[in-house]
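Here the structure is laid out as structure tokens; the discussion comes afterwards.
None of the figures in this text is laboratory data; all of them are computed from the coordinates on show. Worth saying up front: this structure is predicted, and the values here are computed from it rather than measured.
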Amino acid sequence: MDKAYIGAYGEFLTGRYLRDNGCEILDANYRCRLGEVDLIAADSKYIAFVEVKTREKDSLIKASDAVDYNKRKRIIATAQFYLSKNPSSLQPRFDVAEVYLDGYRADKFNYIKNAYTVENF
């Protein structure tokens, strides 16, 4: 299966999950010189910077393990840049979505709210 398709499909499923749970998608695939954030979503309390990791269902490595220290550092820097350009009174939060596919269908979905914090850095 095409890697770009896998990633895009995982982001689509995560966006649908967020909307179904009361969030508004503010941006998708936000890029700046510091990095990229897959989805930026907001509810009444939080602005969530979401990293989506999509894997085949038999993957040996947990999807969220791919969000390592350096990746988190780039996401935080990108989020800070985004907020400098788009001020918000909402509390920032860093989430990770794990999407596991069985062929062309979702097999398992795990959404981790507040997966890491700025204080870790």
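Descriptive notes on the structure:
- Distant-in-sequence amide H partners of Y116 (H built 1.01 Å from N, under 5 Å): F94
- In Hz, Karplus ³J(HN,Hα) per residue of the range 23-29 (6.51, -1.76, 1.60; θ = phi - 60°; x = Gly, Pro): 9, 9, 7, 8, 7, 10, 6
- Radius, Kirkwood style, for the chain when every pair of distinct Cα atoms is counted (Å): 14.6 Å
- Other-chain or far-sequence residues with amide H under 5 Å of T54's (modelled H): V99
- Helical content alone sets the calculated 222 nm signal of the chain at -9500 deg cm²/dmol, taking -39,500 (n - 2.57) per DSSP H segment of four or more residues and averaging over every residue.
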